[in-house]
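The values are calculated or read from the model by the stated rules, or taken from the named source; none is laboratory data. Computed from a prediction, not measured in an experiment: that's the story for all the values here. Cβ atoms come from the backbone with ideal geometry, glycine included; neighbour counts cover every protein chain shown.
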Amino acid sequence: MMELELTLPVNSSRDHVLGPQKAPITLLEYGDYECPYCRQANLIVGNVVQQLGDKMRFAFRNFPLTQIHPHAQHAAEAAECAGAQNKFWEMHDILYENQQALEDENLLEYAEILELNMSRFQKDFYNHTFAGLIREDFLSGVRSGVNGTPTFYINRMRYNDSWDQETLTRTLIDIINENL
């Protein structure tokens with residue numbers, strides 16, 4: 001089986017990252033906020049991050065599949081607009097929790113719930129300030145072999161096994177132990 005390597009390494013200055021920079025494991029997800037499988041994965045990854053603590057870091061990149069998910073692009077833009085106000089992960093979780101309500105008016109409501117600066121959020125959102133970054137995420141995914149969501153990479157190598165909680169956790173722990 002061909003192993004695909006991540007073409008754009010995870011970088012804390014451009015990517016949204018949870019966990020310490022020097023963690024032995026970096027798990028990266030290319031995801032789409034309207035994808036039901038990504039919603040499932042978000043819950044699983046959240047549990048894994050909690051379980052492994054500072055032994056791993058998690059990064060998320062946008063991969064909106066706009067042909068099948070018409071709200072994915074704007075949802076990704078809303079997440080990035082929130083990220084500009086240091087609330088990316090809070091918006092990220094709200095978007096997955098409310099996946100059936102991703103119309104623009106819903107996205108503005110979520111920004112209000114997060115107590116974001118609404119004039120800044122609306123300016124960034126309506127001017128598509130972060131569309132270029134999302135496109136960069138998407139293209140980096142395409143170059144790395146992503147063709148669906150969610151797609152995971154562990155320490156720059158594509159992860160093709162099951163991403164159920166038990167299998168993913170066991171794989172990550174095995175890699176951590178190999179690196180000790």
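Filter the stretch 21-48 down to residues that are modelled with pLDDT under 95 and surrounded by fewer than 18 Cβ atoms within 10 Å (Cβ to Cβ) and give me whichever is nearest to Ile134 (Cα to Cα).
So, considering only residues that are modelled with pLDDT under 95 and surrounded by fewer than 18 Cβ atoms within 10 Å (Cβ to Cβ), the one nearest to Ile134 (Cα to Cα) is Gln21.
Out of all the residues in the stretch 115-123, is one or more part of a helix (DSSP H, G or I) and either acidic (Asp, Glu) or at pLDDT below 95 (or both)? Lay out the reasoning, then the answer.
From the stretch 115-123, those part of a helix (DSSP H, G or I) are 118-123; that's our starting set.
Adding the requirement that they be either acidic (Asp, Glu) or at pLDDT below 95 (or both) leaves none.
Among the residues of the stretch 115-123, not one is part of a helix (DSSP H, G or I) and either acidic (Asp, Glu) or at pLDDT below 95 (or both), which makes the answer no.
Conditions tested, residue by residue: (1) within 23 Å of Gln40 (Cβ to Cβ); (2) out of contact with any strand residue (DSSP E or B) (no Cβ under 7 Å at 6 or more places or on another chain); (3) aliphatic (A, V, I, L, M).
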position	(1), (2), (3)
Phe88	yes, no, no
Asp93	yes, yes, no
Gln99	yes, yes, no
Asn117	no, yes, no
Asp124	no, yes, no
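If you take the residues of the stretch 124-180 that are among the basic types (Lys, Arg) and free of Cβ contacts under 8 Å to residues at least 60 places away in the same chain, which of them is nearest to Lys55 (Cα to Cα)?
Initially, the stretch 124-180 is screened for residues among the basic types (Lys, Arg), giving 135, 143, 156, 158, 170.
So of that shortlist, the ones also free of Cβ contacts under 8 Å to residues at least 60 places away in the same chain come out as 135, 170.
Numbers: Arg135: 30, Arg170: 13 Å.
The extreme case among them is Arg170.
Filter the stretch 135-160 for residues that are under 20 Å from Arg39 (Cβ atoms) and assigned to a loop (DSSP other than H, G, I, E, B) and give the result.
Looking only at the stretch 135-160, we keep the residues that are under 20 Å from Arg39 (Cβ atoms), and these are 137-138, 141, 146-153, 159.
Of everything in the stretch 135-160, those that are under 20 Å from Arg39 (Cβ atoms) and assigned to a loop (DSSP other than H, G, I, E, B) turn out to be Val146, Asn147, Gly148, Thr149, Pro150.
Say we look at the stretch 25-48 and pick out the residues that are touching an Asp or Glu at 6+ places or on another chain (Cβ under 9 Å) and not in a helix (DSSP H, G or I); which of these is nearest to Ile154 (Cα to Cα)?
So, considering only residues that are touching an Asp or Glu at 6+ places or on another chain (Cβ under 9 Å) and not in a helix (DSSP H, G or I), the one nearest to Ile154 (Cα to Cα) is Leu28.
Looking at Gln85, Gln99, Gln73 in this structure, which one is closer than 18 Å to Cys35 by Cα, at pLDDT 95 or above and in contact with a Lys or Arg (Cβ under 9 Å, 6 or more places away or on another chain)? Before you say what the answer is, go through the steps one by one.
On the way: Gln85 fails: closer than 18 Å to Cys35 by Cα; Gln73 fails: in contact with a Lys or Arg (Cβ under 9 Å, 6 or more places away or on another chain).
Gln99 is the lone residue from the list that is closer than 18 Å to Cys35 by Cα, at pLDDT 95 or above and in contact with a Lys or Arg (Cβ under 9 Å, 6 or more places away or on another chain).
Just the residues that are small (Gly, Ala, Ser) and assigned to a helix (DSSP H, G or I), please, taken from the stretch 51-99. Spell out the reasoning first.
Quick first cut of the stretch 51-99, residues small (Gly, Ala, Ser) only: 53, 59, 72, 75-76, 78-79, 82-84.
Result: Gly53, Ala72, Ala75, Ala76, Ala78, Ala79, Ala82, Gly83.
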